[in-house]
Every structure is written in C-alpha cells, then in structure tokens.
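Just so it is clear, none of the values below were taken in a lab; they were calculated from the coordinates. Everything numeric in this text was worked out from a predicted model, so none of it was measured. Cβ placement follows ideal geometry from the backbone for every residue including glycine, while neighbour counts extend to all protein chains displayed.
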Amino acid sequence: MPRGQVFNIQRFSVHDGPGIRTAVFLKGCPLDCAWCHNPEGISPRPEILMTPSRCIGCGECVAVCPHDLPIPHRSPSAEDAEHCLVCGACAEACPTEARQVVGRPMSVGEVVEVVLKDRIFYDDSGGGVTFSGGEPLQQSGFLRAALEACQSRGIHTAVDTCGLAPEEDLLSVAEVTDLFLFDVKMLDDSRHRRYTGVSNRQILANLKALGRRGQRIWMRVPVIPGVNDDAENLEATAELAASIPSVERVCLLPYHPLGESKSKRLDRDVSLPDLHAPTPGEMQNLLEMVEAVGVAASIGG
Ligand code: SF4
Ligand code: SF4
C-alpha cells in the first residue's frame with residue numbers, strides 16, 4: 001500500500017464541499033500561484049515551519065541539530081533548507097512550538113481511521129471526506145487508494161484539485177470520487193502562466209474530460225483582486241461552466257491573506273504583497289455577474 005505525505009487533517013470543515021467534512025491535505029503542487037493560501041503544500045517534501053513570534057531564544061533547537069542550522073527567531077533560509085534533513089529534532093526540542101515540521105507520511109489505514117471518527121456528522125449533514133492540498137493528484141496512487149477505502153465504507157468522497165495532472169491519473173481517481181471541487185483560476189492562458197507559473201491548457205482539457213464522464217463538479221474560482229476579478233474573465237468562466245452540464249455550480253472564493261504570513265514563515269517570496277481581501281459588496285457584484293449567465297453560483301463552497 002502506498003503511503004501519503006500529509007501536511008494537515010482538518011476535522012469539522014464546512015468550506016471544502018457539502019456538509020461537515022474532514023479535509024485531508026496532501027503535499028506537492030505543480031502550480032506556484034502568487035496568492036497561494038497553503039504554501040506549505042507546494043513542496044512534496046516535509047519542511048520546517050517557523051513562527052518567530054513564539055521563539056523565546058532558548059537555543060534548544062541549535063543544541064540538538066546535527067548541522068547547527070537553526071537560527072533562533074528566524075525562518076530556515078533556502079540555504080538551510082538545502083542542508084536540513086528535516087529530522088524534526090529541533091521541532092521536538094522546541095518548548096514553544098515555534099519550530100514545527102509540516103508533512104508526515106501516513107498510510108491509507110491511518111487516514112481512514114481519522115476520517116471515520118466523524119462519520120455521524122457526515123451522515124447528519126450530507127458531508128464526507130475531501131482530499132485537498134497542495135494538489136492531491138500529485139500523489140495519485142495514494143489518493144485513489146484512500147478514496148476507495150473511504151467510499152467502500154459509505155463515506156462521500158470529494159477531491160479539491162487545481163486540475164493539472166495526467167488525464168489518466170485524473171480519470172482513475174474519478175472512478176472513486178463522488179464530487180470534484182475543480183479550480184478554474186483564469187481563462188486567459190498568458191495571464192494564467194504569469195500568475196501560476198503554468199499554462200491552463202491541460203487544466204481546461206481535464207475539466208472537459210470530467211464533464212464528458214458526467215462527473216459531478218463544483219467549479220471553484222479564487223477571487224484575487226486585480227488578477228482575475230474582471231468582468232471579462234468572470235463571464236467567460238461562467239459561460240464555460242454553463243457549457244458543461246455536470247458542473248453544478250460556480251463557487252467564488254474570496255482571497256484570504258493567511259497564506260502571506262505562512263509564506264514568510266517558510267522563507268518563501270510573497271509575490272503579490274499588496275493584495276487585499278475583496279469586500280462583501282464586491283463579492284456580491286461578482287456573484288450576480290456569474291448568475292446572470294444562467295449558472296448556479298455561491299460565495300464560498
Ligand atoms: S530538522 Fe533536523 S537537520 Fe533540520 S534544522 Fe531541525 S534539527 Fe537540524
Ligand atoms: S528551541 Fe524554539 S524557542 Fe528555543 S530558540 Fe529554538 S525556535 Fe526559539
């Protein structure tokens with residue numbers, strides 16, 4: 001059985017599909033979105049996450065590190081990360097949890113054990129499990145095995161994807177997925193390359209491949225002010241959704257600045273530092289714009 005590299009399991013989530021859900025976050029993503037809200041999911045490997053405000057400067061981390069790498073009050077630099085074995089000794093020694101390891105290998109059985117704990121809540125609310133990331137299809141063997149194990153126990157399964165994966169991996173995973181939460185960030189390919197680092201051609205082809213299969217899809221659009229919230233992009237996105245009968249709704253997800261502080265804690269560049277969260281009024285206008293095309297839409301979801 002393959003093991004997965006998991007960086008978070010969030011129970012009682014109401015933002016990752018219908019009902020109350022357990023969201024399992026897998027590491028590794030082929031995109032590098034300028035506004036990423038889960039930057040700890042980008043690297044496929046475990047990493048050290050530093051919260052400088054929690055550091056009391058005790059030096060325990062330095063004392064236990066085989067390479068004398070940790071510098072109190074500072075995130076690991078890219079150079080440190082190159083030498084760091086992510087052995088976790090510093091995080092274990094840290095008395096304030098200023099240093100933490102993000103990412104740990106888990107078996108399918110270990111994940112299912114956590115998911116099953118909240119079965120009663122899924123049954124009452126129409127919820128289930130959602131695999132997210134990062135990009136969960138980066139670990140497609142583990143993902144398929146975990147989805148299969150959940151579905152065979154009667155748990156509703158959802159996959160939250162950026163859409164970039166080999167089509168055969170996607171379609172294999174689709175066989176054991178009840179619902180896809182499929183991100184469509186923007187339709188203009190050159191803009192997509194600029195803000196995510198990759199073309200959207202394969203992503204849109206994969207969306208259509210799921211549509212041909214009649215797969216249930218919630219199309220999700222992260223609303224990033226000044227990047228993709230213009231009428232041209234939103235209307236084209238709504239028209240694309242309307243052209244695929246199995247897209248049940250378009251979910252508009254307002255940008256949240258949480259990812260910025262996490263990026264700094266991982267010593268990653270924040271490429272769009274001046275972003276602000278859209279106001280409720282701005283979100284309402286965008287919602288009405290999408291609904292005017294004739295597709296069901298929601299803020300969040
Ligand atoms: S994870 Fe291990 S190698 Fe990396 S900084 Fe901490 S103690 Fe040193
Ligand atoms: S062990 Fe933790 S609190 Fe102590 S210096 Fe290192 S990071 Fe700071």
**Request:** State the extension gain, in nm to one decimal, for the chain segment bounded by Glu235 and Cys87, taking 0.36 nm per residue of separation less the distance between their alpha-carbons.
**Result:** 48.4 nm
**Prompt:** For the stretch 1-44, rounded, prolate or oblate, judged on the Cα gyration tensor with a ≥ b ≥ c (square roots of eigenvalues), a/c < 1.5 rounded, else prolate if a/b > b/c?
**Reply:** oblate
**Positive dipole terminus of the chain, leading residue within Val295, His37, Pro254 (C-beta point charges)** = His37
**Asked** What size of dipole, in debye to the nearest 20, comes out for the stretch 9-121 about its Cα centre when the only charges are +1 on Lys and Arg C-beta atoms and -1 on Asp and Glu C-beta atoms?
**Response** 440 debye
**Message:** Can you list the DSSP H helices in the chain whose Cα atoms extend at least 15 Å along the helix axis and whose mean Kyte-Doolittle hydropathy is 0.0 or higher?
**Reply:** 140-151, 231-242
**Asked** Which cross-chain or sequence-distant (5 or more) residues have an amide H under 5 Å from the amide H of Asp229, H modelled 1.01 Å from N in plane?
**Response** Ile224
**Asked** Distance in nm between label sites at Ile120 and Arg11, each 7 Å beyond Cα in the beta-carbon direction?
**Response** 1.2 nm
**Cα-based Lys pair tally, the chain, threshold under 24 Å, eight or more apart or on separate chains** = 7
**Asked** For the stretch 51-102, what's the relative contact order in percent, using C-alpha pairs closer than 8 Å and at least 6 residues apart?
**Response** 42 percent
**Item:** Glu248/Thr279 FRET efficiency (R0 30 Å; Cβ-Cβ; nearest 0.05)
**Value:** 0.65
**Fill in**
Per GNM of the chain with C-alpha springs under 10 angstrom, the most fluctuating residue out of Glu47, Glu92, Glu148 is Glu92
**Fill in**
When the charge dipole of the chain is computed with +1 at the Cβ of Lys and Arg and -1 at the Cβ of Asp and Glu, the Cα pointing farthest to the positive end, of Gln139, Leu181, Met219, is that of Gln139
**Request:** Give the distance, in whole Å, between the Cα centre of the stretch 58-75 and the Cα centre of the stretch 147-219.
**Result:** 41 Å
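What do you get for Rg/Rh over the chain if you use C-alpha atoms and the Kirkwood form of Rh?
0.98
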**Message:** Is there a quick way to get the dipole size of the chain? I mean about its Cα centre, with the Cβ of Lys and Arg at +1 and of Asp and Glu at -1; what is the value in debye to the nearest 20?
**Reply:** 500 debye
**Message:** Just to be sure I understand: with springs between alpha-carbon atoms less than 10 Å apart, which residue in Ile244, Ile56, Ile48 has the highest mean-square fluctuation in the Gaussian network model of the chain?
**Reply:** Ile56
**Fill in**
Checked the stretch 146-245 with the C-alpha gyration tensor, a ≥ b ≥ c its square-rooted eigenvalues, rounded below a/c of 1.5, otherwise prolate if a/b is larger than b/c and oblate if not; verdict prolate
**Asked** What's log10 of I(q)/I(0) for the stretch 51-102 at q = 0.18, 0.28 Å⁻¹, Debye sum over Cα points only, no solvent?
**Response** -0.47, -1.22
**Message:** What does the extension gain come out to for Arg191 and Arg153, with contour length at 0.36 nm per residue minus their alpha carbon separation?
**Reply:** 9.5 nm
